[in-house]
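Chemist: This is the structure I want to talk about, given as structure tokens.
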Amino acid sequence: MPIFFDATISFDDPDLKRFIYNTAQDRRVIEPPTPPGFTHNPADRRPSGPPQSERLPVTYLVEEHWQLYEGSSGTPQNPSQDGASVGIHRVTVAYGQDLEMTAEYWLFFRDGISDAAIDHGLDLLSRYDPDAHGEDVEAWVAANLGPLLTMDDFVLDTAITLQKRGSRYEVDTSQRDALLGMHAQDDDTVGADISIVGDYSMRTWSTEHGVTLKPIHEELIIDDGEAPTNPMTTEVVTQGGANDPAKVNAALDRIVAALKPVDCGVMNHHQLKLLSLAAWPEFKIEWVRHRIRIGCSWITVTLPVLRVRIAKLVFYVYFAMPQSVGQLIFRIAETCAVRSALASAVIGIVASNPAAATASFTPLFRRCMEREIIRCLHPGILLMKEAPAW
């Protein structure tokens, strides 16, 4: 069959995601493939008839990197100097971009046919009128081929053009807002409490430490579905489970059993609640297919749908030691855990970047301990997440 009006587009395609994100590129043509033994010339095209276009709002996710500085002078909004660099927060922001989608019909002619046959095919392309000739394009073409052109001499296919309309716009900035709020740069929306030293909020800590945040980088999120959970760092629980000692102990039993050295004997673990975030926004993209009519074409378009949920996050610092270690060393370890957890490179960024916070906490804790027991220590950070359904 030489006439193809149907086309398919999926905005889950990484190349289309990059096009939408790239502010230097406003237009993208999705070309039909050239059949083997055929040739297409740019002049052998015709735009679709009415309806000629479709407006599409497309949502995508961006990861923003915010540098946290400690000891800044001035105010958080107008610091006179940035202070010392502590670490980087990573937050997700949902953006939107409006597109206009149009269709165009391209003729491909078989190599070697006569110029007269090509001219006849181009005449048919320009002359066809669905109002006058009916919706059955193939029947009309077959009836008007003439002696020079056969149905095997050409292919008509659909090209799709995507044109950006306007600039990108913010769809949901609630995770960025939560980050700025918990560090006293904006209104508090997250309810961040540092539990390890009693009644002490993240906003108070940030104010006392002269914290400022500055955006330094952003990048498109290609894998925009639900992020996989690392079983060695995160336990997803039902409502109330993040503070349930039995669930916390079970999670740590599993982690310690998987990570402890084989010759350290029976291990005891001890955990201290570090930080609680009462309302942390999380995002993912789901994909829904739509059928859109443009001219004679039905375009199947897979479009993104933003899903948002509000999770409760509770972070614990923990350490595991051989059961044979004396109580004095155990108390030293607890003190080291508290001191290390309150370091700015840990508490300052753990909310959005627990991997980096763990990377800072572990050496701080190990350096705080006696050298002879270092080999059998296993410190870390556990996130207990209460995540409702999307």
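Chemist: Only one of Ala117, Ala94 is touching a residue at least 60 places away in the same chain (Cβ under 8 Å) and of a type in the set (Gly, Ala, Ser); which?
Modeler: Only one candidate qualifies: Ala94.
Chemist: List the number of the failed condition for Ile292; all other conditions in (1) under 29 Å from the mean Cα position of the chain (by Cα); (2) free of Cβ contacts under 8 Å to residues at least 60 places away in the same chain hold.
Modeler: (2)
Chemist: When the range 31-55 is examined, which residues are found to be at pLDDT 95 or above and hydrophobic (A, V, I, L, M, F, W, C)?
Modeler: Phe38
Chemist: Further question: Does Gln97 count as open to solvent by less than 30 Å² (accessible area, probe 1.4 Å) and on the phi < 0 side of the Ramachandran plot?
Modeler: yes
Chemist: Hey, another quick one. Report the residue count in the range 15-34 for those that are open to solvent by 50 Å² or more (accessible area, probe 1.4 Å), out of contact with any helix residue (DSSP H, G or I) (no Cβ under 8 Å at 6 or more places or on another chain) and farther than 16 Å from Arg46 by Cα.
Modeler: The number of residues fulfilling the criteria is 10.
Chemist: Also: Of all residues in the range 216-235, which are at pLDDT below 95, in contact with a strand residue (DSSP E or B) (Cβ under 8 Å, 6 or more places away or on another chain) and open to solvent by 80 Å² or more (accessible area, probe 1.4 Å)?
Modeler: Glu226
Residue by residue, here is whether (1) farther than 30 Å from Tyr169 by Cα; (2) touching a residue at least 12 places away in the same chain (Cβ under 8 Å) holds:
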position: Thr8; (1), (2): no, yes
position: Asp12; (1), (2): no, yes
position: Lys17; (1), (2): no, yes
position: Asn22; (1), (2): no, no
position: Pro35; (1), (2): yes, yes
position: Pro42; (1), (2): yes, no
position: Gly49; (1), (2): yes, yes
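Chemist: Another question, then. Answer yes if at least one residue in the range 138-159 is assigned to a loop (DSSP other than H, G, I, E, B), among the aromatic types (Phe, Trp, Tyr) and under 25 Å from Ile30 (Cβ atoms), and no otherwise.
Modeler: Checked against the condition, which is being assigned to a loop (DSSP other than H, G, I, E, B), among the aromatic types (Phe, Trp, Tyr) and under 25 Å from Ile30 (Cβ atoms), the range 138-159 yields no hits at all.
Chemist: Among the candidates Arg331, Arg375, which residue alone is open to solvent by 30 Å² or more (accessible area, probe 1.4 Å), within 24 Å of Pro245 (Cβ to Cβ), modelled with pLDDT under 95 and part of a helix (DSSP H, G or I)?
Modeler: Arg331
Chemist: Quick one: which of Asp186, Asp172 is free of Cβ contacts under 8 Å to residues at least 60 places away in the same chain, open to solvent by 30 Å² or more (accessible area, probe 1.4 Å) and farther than 30 Å from Met267 by Cα?
Modeler: Checking each option against the conditions leaves just Asp186.
Chemist: Checking the conditions here, which among Phe319, Phe365 is aromatic (Phe, Trp, Tyr), surrounded by 16 or more Cβ atoms within 10 Å (Cβ to Cβ) and not in a strand (DSSP E or B)?
Modeler: That would be Phe365, the only listed residue that is aromatic (Phe, Trp, Tyr), surrounded by 16 or more Cβ atoms within 10 Å (Cβ to Cβ) and not in a strand (DSSP E or B).
The values are calculated or read from the model by the stated rules, or taken from the named source; none is laboratory data. Just so you know, these numbers come straight off a predicted model, no measurement behind them. Heads up, the Cβs are rebuilt from the backbone with ideal geometry, glycines too, and the neighbour counts pull from every protein chain shown. These area figures cover heavy atoms from the full protein model, side chains too; ligands, DNA and RNA do not enter into them. Shrake-Rupley method; radii C 1.70, N 1.55, O 1.52, S 1.80 Å.
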